Amino acid sequence: MKKKYLFYFFFACCPFGNSLFGAWVMNYTMTPSQPGYTAITGAGGETNIPNFGFCPDQTVSPVIPIGFTFQFDGTNYTQVVATDNGIMIFGNNAALSNCGGNAGNPTDIPNDLSDVSITRPFVAPLWEELQFKPTSPFGSGCYKTTGPVGSRTFTLEWCKMSWRAPSNGDQISFQVVLFEGSNIIDFNYLQGASAIGTFPTASIGLGAIAPGTYYSLNNSSAAPTSSSTVNTQNIATKPATGQRYRWTPISGAPIQLISFTGENVGKENVLHWSVATQTINDYFTLLHSPDGVSYSEVTRVDGAGTTSQLMEYSAIDDSFFSDVTYYRLKWTDFNGRSEYSNIIALENSIVQPTAAILYPNPTSTVLNIQNLSANTHYIIFDLQGKIIREGELEKSNPVIDISEMSDGIYFLEMGDDVRHKVVICH
C-alpha cells in the first residue's frame, strides 16, 4: 500500500453546530482620544425616552429607531433598546421594554460582558448599577439622528447619571454614537460634579452576537487596552470629561496571499499556498476546471480567523482532469465576502484509466460501484493511511456496506489502484 498523505486537515461532512459560536464575525480596534463632549440634551431636536429614569431601577426603553442601517458584528440593524444601567442592545427587543422591575433581563447586575444568558448583541459604554438623578433637574435619556443621508450619526445619551448610591447626584453623563457607512462606534463621557457612590464597579466594552463573546476595556483611563479574553468588571474611576473610546470595525481583504502553486504526483495533484496575514478569514475553497472557465469545488480548508502569523496550507485533488487541470483559490471571510487568486495550470504525468463511478457519495448506508470490469479486491483507508476495511467486490453486485463506519472522508482503492474519495455522513 502506497501512502502519499501530504496534509492532515479534518473535513467535516456533516454540520456539527455553529462554526461562529464563540467568535466575532467582525473584529474591532479601539482608539482612545479626548476630542471633547457635545451634549444633545437641551440642544434641540433630541427625543426623550418615555418614562426612562422615572420608573424603578433596571428598566428598558421602548424600541428606538436608529434612523439608518447600521452594521454591528456583521449584521444590519435599524433599531435598538437602551437600559438605565448603561447598555444599548441592537435589534427590535420590544419584549424587554418595561416600566418597572426587569429581573432576569439583560439589565441585571453583575455587569458581566461574558454572560451567555443576556440578550445580544450590545454595546456597554458604562455597564453598572446606575440610576437617573432623582432630584431636580432630573437626569434623562434621549437620542438624536443628524447629518445628510449616507453620513448620518445616531447619538444615544445617558444624562446626569448616579453611579452607585447613596449620593444620588449628577455623577456622570455618557453617549453611544453610531456612524452611518463606516459603522464606527464612539463612547463619549462627561464627568458630573458629584463623587461616585459607595463601591463602584463597571464594565466598558462590546458584546458580540455569539454567546459569551466580548471586547472589554481594562480601565477608564486616557489609554486603556481592549481584550477579547480578559473580562474587566471592576472599573471604579470616571472617564475624563471629553474622553472618547472609538471602536472601528476591521475591513479590507480577508487574507494577504504570498503564493499559490501546485504539482502533479502521479495520481494526485497537490496544491500549496502561503498566507502572510488573515483578517476574519473563515475558509479557503480550492476550485478546479478542465478548461479554465467553468470551475467546481474540490475541497474547503478552514481559515485562521484573524492572525498576522505566516501560515502554509496544502490540499490534494485526486479527481483531476485529463491532460491539464486549471486551479484557482477562493477565500471567504465571516461576513460572506470572497476574493480569488490567480489561475494556475497543472499538466498530468499519467493518464487516468476509466474510473469507476461511486454513488451515492456522500453516503450513509451503502456505496454502489458502477463500471466495475471484473471481480475486484478493495481496500478502504482513512486520511492517515490506516486500513479501515477490505474485501471482495463482485462484478454482478458491486456494493459495499458502510452503515457502521464513522463519519468522515476516506479513500477507496480497487484492483486498478485508482483511488477514489468517499464521504460518509450519517
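Condition check: farther than 13 Å from Trp273 by Cβ, modelled with pLDDT under 85 and of a type outside the set (Asp, Glu). Does Gln309 satisfy that? Walk me through it before giving the result.
Numbers: farther than 13 Å from Trp273 by Cβ: yes; modelled with pLDDT under 85: no; of a type outside the set (Asp, Glu): yes.
Spelling it out, it is not the case that Gln309 is farther than 13 Å from Trp273 by Cβ, modelled with pLDDT under 85 and of a type outside the set (Asp, Glu).
Select from segment 63-87 the residues that are at pLDDT 90 or above and either out of contact with any Phe, Trp or Tyr (no Cβ under 6 Å at 6 or more places or on another chain) or not assigned by TED's automatic domain parsing to the domain that holds Gly150 (or both) and list them in ascending order.
Restricting attention to segment 63-87, the residues satisfying the condition of being at pLDDT 90 or above are 63-72, 76-82, 86-87.
Of everything in segment 63-87, those that are at pLDDT 90 or above and either out of contact with any Phe, Trp or Tyr (no Cβ under 6 Å at 6 or more places or on another chain) or not assigned by TED's automatic domain parsing to the domain that holds Gly150 (or both) turn out to be Val63, Pro65, Phe68, Thr69, Gln71, Asn76, Thr78, Gln79, Val81, Ala82.
Could you grab the pairs with beta carbons closer than 7 Å, sequence gap of 6+ or different chains, first residue in segment 192-207 and in the same structural domain as Pro121 (by TED's automatic domain parsing) and of a type in the set (Lys, Arg), second one assigned to a strand (DSSP E or B) and modelled with pLDDT of 95 or more?
Final answer for the pair search is none.
Of the residues Ser162, Ser221, which is buried (at least 21 other Cβ atoms within 10 Å of the Cβ) and among the hydroxyl-bearing types (Ser, Thr, Tyr)?
Details: Ser221 fails: buried (at least 21 other Cβ atoms within 10 Å of the Cβ).
Just a single option satisfies the conditions, and that option is Ser162.
Testing Ala345 on (1) under 30 Å from Thr279 (Cα atoms); (2) over 32 Å from the mean Cα position of the chain (by Cα); (3) touching a residue at least 60 places away in the same chain (Cβ under 8 Å), one condition comes back false. Which one is that?
(3)
Which ranges mark the strands (runs of 3 or more DSSP E) fully within segment 288-406 that have 2 or more residues being basic (Lys, Arg)? Lay out the reasoning, then the answer.
Numbers: elements: 296-307, 311-317, 324-333, 338-340, 344-347, 357-359, 366-370, 376-381, 387-393, 399-401.
In segment 288-406, 324-333 are the strands (runs of 3 or more DSSP E) which contain 2 or more residues that are basic (Lys, Arg).
Looking at segment 61-73, I want the residues that are more than 19 Å from Tyr28 (Cβ to Cβ) and in contact (Cβ under 8 Å) with a residue 12 or more places away in the chain and have a partner that is among the small types (Gly, Ala, Ser) and assigned to a strand (DSSP E or B) with Cβ atoms under 6 Å, at least 6 apart or on another chain. Which pairs are those?
Every condition considered, the pairs that remain are Ser61/Ala82.
Being farther than 15 Å from Ile40 by Cβ and of a type outside the set (Gly, Ala, Ser) is the filter here; which residues of segment 188-214 pass it?
Let us first name the residues in segment 188-214 that are farther than 15 Å from Ile40 by Cβ, namely 191-214.
Result: Gln191, Ile196, Thr198, Phe199, Pro200, Thr201, Ile204, Leu206, Ile209, Pro211, Thr213, Tyr214.
State the number of residues belonging to segment 272-312 that are surrounded by 16 or more Cβ atoms within 10 Å (Cβ to Cβ) and in contact (Cβ under 8 Å) with a residue 60 or more places away in the chain.
9
Within segment 171-185, can one find any residue that is in a loop (DSSP other than H, G, I, E, B), among the small types (Gly, Ala, Ser) and in contact with a strand residue (DSSP E or B) (Cβ under 7 Å, 6 or more places away or on another chain)? Even if it seems obvious, please write down each step before you answer.
Initially, segment 171-185 is screened for residues in a loop (DSSP other than H, G, I, E, B), giving 171, 180-184.
Next cut, among the small types (Gly, Ala, Ser) only: 181-182.
Narrowing the set further to residues that are in contact with a strand residue (DSSP E or B) (Cβ under 7 Å, 6 or more places away or on another chain) leaves none.
Looking through segment 171-185, none of the residues is in a loop (DSSP other than H, G, I, E, B), among the small types (Gly, Ala, Ser) and in contact with a strand residue (DSSP E or B) (Cβ under 7 Å, 6 or more places away or on another chain).
Among the residues of segment 152-163, write down those that are more than 11 Å from Asn188 (Cβ to Cβ) and either at pLDDT 95 or above or under 35 Å from the mean Cα position of the chain (by Cα) (or both).
Pass one, segment 152-163, residues more than 11 Å from Asn188 (Cβ to Cβ): 152-154, 159-163.
Passing the criteria: Arg152, Thr153, Phe154, Cys159, Met161, Trp163.
The values are calculated or read from the model by the stated rules, or taken from the named source; none is laboratory data. The shown structure was predicted, so the numbers you read here are calculated from the model rather than taken from an experiment. So basically every Cβ, Gly included, is an ideal-geometry build from the backbone, and we count neighbours across all protein chains shown.
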